[in-house]
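Reading through the structure tokens given below for one structure.
Derivation of every value follows stated rules applied to the coordinates shown; laboratory data play no part. Nothing here was measured: the structure is a model prediction, and the numbers come from that model. Neighbour counts are summed over all protein chains in view; Cβ atoms, including those assigned to glycine, are modelled from backbone coordinates with ideal geometry.
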Amino acid sequence: MIFVTGGAGFIGSNFILDWLAADGRPRHADSDEAVLNIDRLTYAGNLENLAAVERDPRYRFERLDICERDALLALMRTHRPRAILHFAAESHVDRSIRGPGEFVRTNIEGTFALLEATRAYRGELSASESEAFRFLHVSTDEVYGSLGPRDPAFSETTPYQPNSPYSASKAASDHLVRAYHHTYGLPTLTTNCSNNYGPLQFPEKLIPLIIANALAGKPLPVYGDGMNVRDWLYVGDHCTALRRVLAAGRPGETYNIGGNNEMTNIAVVRTVCRLLDELRPDAQGPRERLISFVTDRPGHDRRYAIDARKIAGELGWQPSETFETGLAKTVRWYLDHQDWVAHILSGAYKDWIAANYTGR
Ligand code: NAD
Ligand code: TYD
């Protein structure tokens with residue numbers, strides 16, 4: 001079996017549903033391999049995401065903090081995973097600005113505890129099991145810092161220059177993973193990917209926030225001048241890339257994963273508005289009227305872009321969605337799953353919205 005940490009979050013739950021070909025997702029070579037999901041269930045963890053596999057014999061859930069090294073090791077000894085995919089993290093830049101402590105704890109100390117448990121577990125495996133074992137660390141393009149308009153895209157050799165507490169904590173975790181490969185020979189794989197979007201994303205992130213606010217007729221907050229550029233990757237394409245890296249990536253290597261979709265934030269917001277107007281017209285008029293420019297995020301990185309030639313050339317992976325096709329799927333999913341959004345909007349989410357947007 002495989003272990004997934006953070007499997008109740010956005011990308012982790014998409015990964016598990018894709019891995020098990022559940023909830024109408026297509027079968028692939030690994031679909032029958034069991035998965036154990038380790039998640040602390042922070043505000044971002046939602047077991048509703050995994051309702052389709054709740055009673056599936058191929059799926060198990062353990063509520064656990066990744067800082068608990070001994071409990072992690074005990075789980076490894078019991079279930080003997082052949083691979084660990086590490087998604088668990090504090091993942092929202094704005095939250096890291098308001099409270100960096102949790103980011104240092106989970107992203108750095110948690111990754112350290114997981115690496116230590118994995119090192120001890122791997123030492124108990126047979127030579128062939130130990131060689132076949134993989135530790136796949138899911139990271140972000142934000143570790144590379146901010147690009148100017150004409151700078152070349154981030155490659156795997158771009159120096160790290162993290163600018164937010166979030167990206168600094170992810171950069172630190174990437175360095176620990178690298179060190180465990182070089183020092184202890186742990187067969188690690190690191191992926192650095194761009195902004196994901198798709199079903200099951202918590203509505204604190206740009207695209208689901210804009211969809212939720214637009215449907216509610218609320219202002220659509222755009223930070224600064226709206227000209228910050230991100231590369232957007234459909235979450236299903238990210239999951240395919242991770243399966244490919246796990247299957248064929250070279251231990252010790254890092255792979256950048258991108259969607260070939262660089263866009264300004266304002267263009268993203270306008271595209272979401274247009275799609276919603278088509279699919280669910282608003283009697284009051286086009287939703288672009290709701291766009292509201294608000295005070296910028298401190299230290300806001302101007303541009304991210306990914307050079308994904310290494311994963312394309314070595315592993316033959318390419319994204320299959322364009323921004324138009326992926327976004328249309330995403331908007332339809334949110335329209336069809338208003339209950340899922342309503343459950344989140346009725347909880348502690350309200351406190352976050354008040355903290356981040358009031359008086360901005
Ligand atoms: P998310 O915030 O939606 O989910 C994170 C999950 O980790 C949640 O289920 C949460 O409960 C769990 N978690 C948090 N702290 C934990 C702890 N101490 N112990 C156990 N579980 C804990 O995040 P996401 O968007 O799914 O991101 C997953 C990974 O991908 C992260 O490592 C993130 O840095 C990386 N990433 C995300 C994006 C993106 O656009 N979302 C882009 C690049 C990289
Ligand atoms: P976000 O989804 O938080 O991802 P990240 O900061 O990891 O890139 O934000 C994406 C972009 O959208 C980023 O440039 C900040 C911007 N943004 C807004 O303009 N308004 C918002 O309300 C949010 C949450 C983000």
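Some notes on this structure:
- Check on SER91, within 16 Å of TYR43 (Cα to Cα), within 16 Å of ligand 2 (Cβ to nearest atom) and not in a helix (DSSP H, G or I): yes
- Residue match in region 241-264 (condition: of a type in the set (D, E, K, R), surrounded by 15 or more Cβ atoms within 10 Å (Cβ to Cβ) and free of Cβ contacts under 8 Å to residues at least 60 places away in the same chain): yes
- Applying the condition of being assigned to a helix (DSSP H, G or I) and among the polar types (S, T, N, Q) to region 100-132 and asking which residue is surrounded by the fewest Cβ atoms within 10 Å (Cβ to Cβ) yields SER128.
- Screening region 1-36 for residues that are within 8 Å of ligand 1 (Cβ to nearest atom) and in a loop (DSSP other than H, G, I, E, B) and picking the one that is nearest to the chain's Cα centre (by Cα) gives GLY9.
- Of the residues making up region 323-357, those that are closer than 15 Å to GLU204 by Cβ and of a type in the set (Val, Ile, Thr) are VAL341, ILE344, ILE353.
- Hits in region 77-92 - residues which are among the hydrophobic types (A, V, I, L, M, F, W, C) and crowded, with 21+ Cβ neighbours inside 10 Å: ILE84, LEU85, PHE87, ALA88, ALA89
- For region 228-246, the criterion of being among the polar types (S, T, N, Q) and either closer than 19 Å to HIS86 by Cα or away from ligand 2 (no atom under 16 Å from the Cβ) (or both) is met by at least one residue.
Per-residue answers, yes or no, for (1) free of Cβ contacts under 8 Å to residues at least 40 places away in the same chain; (2) more than 15 Å from THR254 (Cα to Cα); (3) among the aliphatic types (A, V, I, L, M):
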residue: LEU147; (1), (2), (3): no, yes, yes
residue: THR157; (1), (2), (3): yes, no, no
residue: ASN163; (1), (2), (3): no, yes, no
residue: SER169; (1), (2), (3): no, yes, no
residue: VAL177; (1), (2), (3): no, no, yes
residue: PRO187; (1), (2), (3): no, no, no
residue: THR190; (1), (2), (3): no, no, no
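- Residue match in region 54-66 (condition: in a helix (DSSP H, G or I) and of a type outside the set (Asp, Glu)): no
- Flag if ILE97 is touching a Lys or Arg at 6+ places or on another chain (Cβ under 8 Å), in a strand (DSSP E or B) and β-branched (Val, Ile, Thr): no
- Residue match in region 72-88 (condition: within 16 Å of the chain's Cα centre (by Cα), in contact (Cβ under 8 Å) with a residue 40 or more places away in the chain and assigned to a loop (DSSP other than H, G, I, E, B)): yes
- Being hydroxyl-bearing (Ser, Thr, Tyr) and within 20 Å of ARG40 (Cβ to Cβ) holds for only one residue in SER126, SER169, SER194, and it is SER169.
To keep it simple, each residue is scored yes or no on (1) touching a Gly at 6+ places or on another chain (Cβ under 7 Å); (2) surrounded by 22 or more Cβ atoms within 10 Å (Cβ to Cβ).
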| residue | (1), (2) |
| --- | --- |
| PHE3 | no, yes |
| GLY6 | yes, yes |
| ALA34 | no, no |
| GLU54 | no, no |
| ARG58 | no, no |
